[in-house]
1. According to a simple spin-label model (label point 7 Å from Cα along Cα-to-Cβ), what is the distance in nm between residue 432 and residue 372?
2. Given region 1-90 reduced to its alpha-carbon atoms as identical point scatterers, what log10 I(q)/I(0) does the Debye formula return at q = 0.22 Å⁻¹?
3. To the nearest 0.05, how large is the calculated FRET efficiency for residue 173 and residue 244 if R₀ is 22 Å and r is the Cβ-Cβ distance?
4. Output the relative contact order of the chain, whole-number percent, from Cα pairs under 8 angstrom with separation of 6+ residues.
5. Can you compute the equivalent ellipsoid semi-axes for region 238-374, i.e. the square root of 5 times each eigenvalue of the Cα gyration tensor, sorted largest first and rounded to whole Å?
6. Over the Cα atoms of region 242-299, Rg to Rh with Kirkwood Rh, two decimal places?
7. Could you work out how much longer the chain between residue 6 and residue 216 gets when fully extended? Use 0.36 nm per residue separation minus the Cα distance between them, nm to one decimal.
8. Would you mind ranking 293, 354, 127, 349 so that the residue whose beta carbon has the fewest other beta carbons within 10 Å leads the list?
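Quick note: the coordinates plus some simple rules give every number you see, no bench work behind them. What you are looking at is a predicted structure, and each value in this text was computed from that prediction instead of being measured. Backbone-built Cβ (ideal geometry, glycine too); neighbour counts: all protein chains shown.
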């Protein structure tokens, strides 16, 4: 079969019909939309054998036709934009998707609604299942439990300094301002030659409007998911990440809307934050992380909130687990811990709350979920102070582990799922690294990120902080 095969247009419409992306009355319209998307003028629609294509091969074939017709440039990004234009031509309008999702949420519950929406996003190749399947995955037993390791083969490794620079970049110059803006819905993308730089096509993106904290947010799935139903909730306003009372409130609102999901926020400071600091967003989904099943090492009490159950999690990062069936009390307790931590300095273990120039260094990575009738907030204490010995961060992966992990330790990795660069596959193949070695190094990376170490000095310092609560 030639790469550029117009029969792929008919197959793709048949695929969309089979998966209820389009209805039977829409077949002619849908087929003509696909032809238009690739700059073709025929032939007539004709059913194709079901095994003639896969979703990927059909989109690849149609993208090649778009290149031949001069619709996009002859490049990988050009072909991807063409493929997304084709997929977007078949998608129902955002209002139709949101209406069906909301009806399912009311009639059958949150899980039915998210299952339907996830299947739709997979069936139009917004969730890139074939790319996800190329990732290498395994678990490594450690003293912290079975850590989950992923070698991500779909995205380049990022430098922490680049992440920080992106967080400080001017707002409002490019459109959309970033890849998390709700204005990405239906956007045609930009080539690398554009003055604002490359931007992925999002014609097949659909965002479910929702309210968190009384504000307008959006709910979507991640195209390159790291776990099952990896979702993103993002503010409708392009504003920086922030961890504060409203963030805790919004996380709790999210698990009320979707009680079968966990949800968390990256920290709001460079080095200890995630890869996108410029847009306020959360990540969630249906997955059990190693940290979720980590036991408590000890209990403690916050005097002002005796009905909130508090524990220190046996985990390489310093994590406090707060649990309560009263979400308002839990929110207040979390704010109390955050305020105390932001002001906490203990130079005996390298923790500095604020530099002499007023730069803050302490923040929290919060993770929220429902357990039976209770709410649980895991608060990972973070500090982004740097030193001459550790210029990228005292509580960042140290240089002796950069051969495995140099990027920030964000929300997902805090919970014990490593997202490692594709260059490691070659080292595995060459035998210079083994899977167990990589897993053990990742365990050490998490230990580096812990502000209170698991030695006598670190435990004593932790207890000083807990006593202050």
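1. 5.2 nm
2. With one equal scatterer per Cα and no solvent, log10 I(q)/I(0) is -1.02.
3. Working: r = 27 Å, r/R0 = 1.22.
Approximately 0.25, to the nearest 0.05.
4. Details: 907 pairs, mean separation 65.0, N = 469.
In percent, rounded to a whole number, it is 14.
5. Numbers: eigenvalues 109, 77, 44 Å².
The equivalent ellipsoid of region 238-374 has semi-axes of 23, 20, 15 Å.
6. Values: Rg = 13.0 Å, Rh = 13.0 Å.
Radius of gyration over Kirkwood radius for region 242-299 works out to 1.00.
7. Numbers: separation 210, 0.36 × 210 = 75.60 nm, distance 4.17 nm.
Extra length from residue 6 to residue 216 when fully extended: 71.4 nm.
8. On the way: 293 10, 354 14, 127 22, 349 19.
Ranking 293, 354, 127, 349 by Cβ neighbours within 10 Å, fewest first, gives 293, 354, 349, 127.
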